[in-house]
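Readers should treat all values here as calculations from the given coordinates under stated rules, not as data from a laboratory. Nothing here was measured: the structure is a model prediction, and the numbers come from that model. For neighbour counting, all protein chains shown are included, and Cβ atoms are generated from backbone atoms with ideal geometry for every residue, glycine included.
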Amino acid sequence: MNPLPNPLHERFANLMATGNNATGAYRALRPYVKNPHALAHRLMKRPEVVSRIEEIRRGVSEKTVMNIAEKRDLLRQMAEGQIPTKRFDKVTGKTHDFLAAVVADAKVAGEVGRKEALQGVLPFKLEFNIPHRSQLDFD
């Protein structure tokens, strides 16, 4: 599919395809409008915009270095200490940051903030056990 004829719609589709939510994408394009949520919702009802977003996402995902499963496996190995997150190359004198590379690839693929990127992680529950202030022991 060719780019959308309306430049605003095309830019909106590109922002949506790279991980922005609809309201945030519309607000980035037109920060002065009073109700970006309603206008973004209207654009998301247009079939050509929705199909263009999916087309861009497919194109980007084909160009990424790793798919989500490979990234998650690599991050798991880093968390378990099987592979380092950074490595210093003595020959070139440069430090290679593997974790930053994985994060950058996820951003380029538009996976950051997308529900699919968090599949299997959500829902999660955080529990905190914080004693009352008078119960703290400072000894």
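Tabulated data
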item: Sorted by Cβ density within 10 Å, fewest first, the residues F12, F88, F98; result: F88, F98, F12
item: Likely footprinting exposure, R27, R46, fewest C-beta neighbours within 10 Å first; result: R46, R27
item: Highest average packing first - 32-38, 16-22, 90-96, Cβ atoms within 10 Å; result: 16-22, 32-38, 90-96
item: Charge dipole of region 7-63 about the Cα centre (unit charges at C-beta), most positive-ward option of V33, I56, T23; result: V33
item: Extension gain (nm, one decimal) between K107 and K86, 0.36 nm per residue minus Cα-Cα; result: 5.6 nm
item: Dipole magnitude of region 7-63, debye to nearest 20 (Cβ charges: Lys/Arg +1, Asp/Glu -1, about Cα centre); result: 240
item: Estimated inter-spin distance, R58 and E70, nm [label 7 Å along Cα→Cβ]; result: 2.0
